[in-house]
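Here is the structure we will look at, set down as structure tokens.
Laboratory data are not the source of any read-out in this text; all were calculated from the coordinates shown. Everything quoted here is computed from the prediction, not taken from an experiment. With ideal geometry, Cβ positions are generated from the backbone for all residues, glycine too; neighbour counts draw on all protein chains shown.
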Amino acid sequence: MNNSEIFLYNPVSKKNADCNVWMAFPGPESFALSSLGYLWLFKNIDEFEDVNIERVYSDSKITHLNPEDVDFMGFSFSFDTDFLTIFSMLEKYGIPLKGKDRQDTHPIIFAGGPVITTNPAPYEDFFDFFVIGDGENVNLDIIKAYKDNKNLSKNDFLKLISDFEGVYVPSVSTGKVKKLTKKLDECIYTPILSKNAFFPNTFIMEVARGCANRCGFCIASYLNLPLRFMPYEDIIKTIDFGLSHTNKIALLGAQLSAHPHFDKICKYIYEKIKHGQHIEMSVSSLRVDAITPEIMKTLVACGQKNITLAIEAGSERLRKVINKNLTKEQIFNAAKIAKEAGLKGFKFYGMLGLPTESYEDLDEMITLAGELKNLYKGFDISFGFSTFVPKPNTPFQWCGRESTKLLEEKTAYMKKEMHKIGVSTTVSSAKWDYWQAVLSRGDNSFGEFIEEVYRLGGKLGAFKSAAKKYKINTDYYACEPWDFDKKLPWDFIDIKPGKDFLINENKRLLSN
């Protein structure tokens, strides 16, 4: 706790605590302080009686707990390459990377987050256990169990918690591990405001969890099913609570604008502004077909100048393939509403290399961009692209990725043609996305490989050298299509709607 932080809860004063926890974030303090899930998990444990908990970041210079006194060290694992920072943090505190090399005197190392929930297999050598799914409650259960069984060895304790729902212990667990799905019975919000956060003094609150659109490539659609909404009354109460501490709020949710009362929520904010209250509000994402004048009017009144809209693909055919059922008319109507409301521009998000994509699909994206630019002069139109990465537990998990050479050719073509019509375009690195795909569909043979990547510095050359050293056919993981009857590294995770549903969805979508 420091002078730059405002706590929106009452941390329990700890005396003679018999359990010490490091909640670790594999990134700088500014990012951690804008990570809603990380901070909420910290808050839940911080309110626990007789438990000391400390936040640790990649740029932490001082810690109040000594590594030898820490019982648990938990990592938030959100991106495939987070392992590089996690390994660096473990070594910083003198903790062996591999679980087999750690003694009972070392902290128990665990992780949770979207990467872990979809596929923990590549990282099994390095963590004592994983939390699969929504970990808000099981973390507390694990700490309670530890406090009640202090006499157990580390191995015996791990055997004990391997029976907990949502807990995967690589050294012990057999059979299926059920993903935890939390009922949204409380509004999750930023519990600590800080001027040092990436989004300074911003009160972030979760309005919806999950997404019913089920785009074929998207883990957000399948990882967090079913789609859940916070009740309107709880949202309004939480908004008022946040605004009593700051004038900056952010609404979070993969399918935010699908909330049955989203227009009403926006109207509530707008009325406050109309009566003289200064509010800056941002939203995580909006669906093109859910944009209304009420929503746009509120965002403009809150100072928002641009928003990002995901259309993914330029042609309606390809949008049907990925289950993004948007029409050209809906996209143009969204731009019309936004411009009339006073918004300055849109940044459209798309993806290159989607299954069945052709240059005709790319040309339709370029044509769409040109028509938007010509029709809405003075309205800033820009595009950002990434390249397709097959993700576990999605219908496209069996799809291979195009070669890096072909994707780089598509990238160059898109940039050149967009430049001709005066549209700003950014594209992620196809080379880096390739390695993300390798990790994404990786298995438990990857231990030596990813440690070597870390030892060699974690750059592109390190991945290539490590793969060569350990004879890993990386194209098999990134580019080859897989058969439906193949045993997948993550099949042991029980996630609804299940593998049979995903197979049927794959067949249905790719037939478009």
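At an R0 of 45 angstrom, the distance between the Cβ atoms of residue 155 and residue 508 translates into a FRET efficiency of 0.45. State the answer as a single residue: which of 378, 190, 279 lies farthest towards the positive end of the charge dipole of the chain, with beta carbon charges of +1 for Lys and Arg and -1 for Asp and Glu, about the Cα centre. Among 378, 190, 279, the one farthest towards the positive end of the dipole of the chain is 378. In order along region 451-457, the Karplus-derived 3J(HN,Hα) couplings, from 6.51 cos²θ - 1.76 cosθ + 1.60 at θ = phi - 60°, round to 5, 5, 4, 5, 4, 8, x Hz, and Gly and Pro are given as x.
Note on residue 332 and residue 98: the extension gain reaches 79.0 nm, defined as 0.36 nm multiplied by sequence separation minus the Cα-Cα distance. Given their separation in residues at 0.36 nm each and the Cα-Cα distance between them, residue 412 and residue 185 gain 77.0 nm when the chain is fully extended. Cβ screening of the chain for cysteine pairs under 4.7 Å finds these without a partner: 19, 187, 211, 266, 302, 399, 479. Here mean projected area of the Cα convex hull in nm² was calculated from the structure, and among (1) 23.7; (2) 94.5; (3) 25.7 it sits at label (1). Counting helices only, and only those DSSP H runs with n ≥ 4, report the 222 nm mean residue ellipticity of the chain as the sum of -39,500 (n - 2.57) divided by its residues, in deg cm²/dmol to the nearest 500. The helix-only estimate for the chain comes to -11000 deg cm²/dmol at 222 nm. Working from label points 7 Å from Cα in the Cα-to-Cβ sense, the residue 163 to residue 199 distance is 4.2 nm.
Whole-percent P(r), region 17-178, all Cα pairs, 10 Å bins from 0: 10, 45, 39, 6, 0.
One decimal place: the segment residue 469-residue 245 gains 75.2 nm when fully extended, by the rule 0.36 nm per residue minus the C-alpha distance. A simple spin-label model places pseudo-atoms 7 Å from Cα toward Cβ; at residue 277 and residue 290 they are separated by 2.3 nm. Between region 367-417 and region 301-352, the C-alpha centres lie 14 angstrom from each other.
In terms of packing, defined here as the mean over residues of other Cβ atoms within 10 angstrom, the peptides 16-23, 270-277 line up highest first as 16-23, 270-277.
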